[in-house]
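None of the figures in this text is laboratory data; all of them are computed from the coordinates on show. Computed from a prediction, not measured in an experiment: that's the story for all the values here. Ideal geometry is used to build each Cβ from the backbone, glycine not excepted, and the neighbour counts take in all protein chains shown.
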Amino acid sequence: MNVNRKILTLDEFTLTQLRQFPSATGELSRLLRDLALASKRVNVEVNKAGLVDILGDYGTVNVQGEDVKKLDIFANNQFMGVLKHGISCAGIGSEEMDDFVVFDDEVSNNSKYVVLFDPLDGSGNIDVNVSIGTIFSVYKRVSELGKPCTKEDFLQPGNKQVAAGYMVYGSSTMMVYATRRGVNGFTLDPSIGEFTLSHPDIKCPETGKFYSVNHGNFFQYDEKVREYINGCQRKTKETGGPYTQRYIGSMVADVHRNLIKGGIFMYPGTLDKPKGKLRLLYEANPFAFIVEVAGGLATNGVQRILDIQPTELHQRTALFIGSKKMMEELASITNS
Ligand code: AHM
Ligand code: MG
């Protein structure tokens, strides 16, 4: 029998990591397992998205008389549900909900983590069978253990993240997560329903070939950003351009590609929306953490994303993120 001993599941991997820290409690590993479980349920529904005409439209009652939830609401409920019923999370914040949720039961009040997530990012792409994703961010509470978690637990700067990650529902389903020790990627093997280690110790290439930005907004960006984007389309000694433009409109897929292959992703502020579109807590911070651990950089054009002190759960930020050299090239223009 050919047993492939190289296959390492997500649980096996986190256990191996745990053994290197005799004082670790295993709460983070449990949290990651809970998040993986929710994402597998979401994945099943995402894969059926093209069948809505057959199974019933989202937001309506299907032929079996069941409510068909919109996929982003379904995903939100799955992530909230597993975290509420798990034993490692005191409360959550979600891009789908106006306010944070305190679980407030004996087990949750004694849990040391809170989780922020965007349950289904890029959901505008669902109808057209383009990759979408989930993004999550884990913080250690600053409030007193044994009591309900508080707003301060959620409004911590990104540099306090303990872990962050994302799932991409694409040609394969992947989960990538980072702790301070590194970034690792797991691909869902549908035959056994397990995430298995496929991208160990991911490093973001120092430079790359891709730049990702919504060109439709070009004339809404400030002059320096336009200068950089123009530079991406020319051959210069510094950049080695022209780069290839790739923008799918699902941040998870766009940043994932650039993380693996090298590139820069930008969602700058516009004349109408000076702080851009993306949310600091649910989108920018987790990706900034992952990309920085992998060797890249992330800023809002002026300041390191991870050093921004949040003041609101849903605050937005401009975002520039990617390979170190490309980010330095951008900074040399925007800081001039
Ligand atoms: P969402 O959270 O409502 O799905 O919006 C976030 C998405 C990102 O995934 C993506 O990078 C961006 O919106 C695309 O926006 P635009 O269509 O303005 O380029
Ligand atoms: Mg989003």
When the stretch 242-274 is examined, which residues are found to be within 9 Å of ligand 1 (Cβ to nearest atom) and among the aliphatic types (A, V, I, L, M)?
-> ILE248, MET251, VAL252, ALA253, VAL255
Residues of the stretch 287-317 classified as within 15 Å of ligand 2 (Cβ to nearest atom) and in a loop (DSSP other than H, G, I, E, B), total | 4
Give the residue that is surrounded by the most Cβ atoms within 10 Å (Cβ to Cβ), with candidates limited to residues of the stretch 251-286 that are within 14 Å of ligand 2 (Cβ to nearest atom) and part of a strand (DSSP E or B).
-> PHE265
Does the stretch 159-179 contain any residue that is away from ligand 2 (no atom under 16 Å from the Cβ), among the small types (Gly, Ala, Ser) and surrounded by fewer than 18 Cβ atoms within 10 Å (Cβ to Cβ)?
-> yes
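Quick grid of which residues meet (1) crowded, with 23+ Cβ neighbours inside 10 Å; (2) within 16 Å of ligand 2 (Cβ to nearest atom); (3) not aromatic (Phe, Trp, Tyr):
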site	(1), (2), (3)
LEU83	yes, no, yes
GLY86	no, no, yes
CYS89	yes, no, yes
GLU95	no, yes, yes
ASP99	no, no, yes
VAL107	no, no, yes
SER137	yes, yes, yes
THR150	no, no, yes
Neighbours by Cβ (under 6 Å, 6+ apart or cross-chain): first from the stretch 322-336, more than 20 Å from MET251 (Cβ to Cβ); second assigned to a helix (DSSP H, G or I) = ILE333/LYS224; ILE333/GLU227; ILE333/TYR228; THR334/LYS224
Do the conditions hold for GLY133, that is, is it within 16 Å of ligand 2 (Cβ to nearest atom) and more than 14 Å from the chain's Cα centre (by Cα)?
-> no
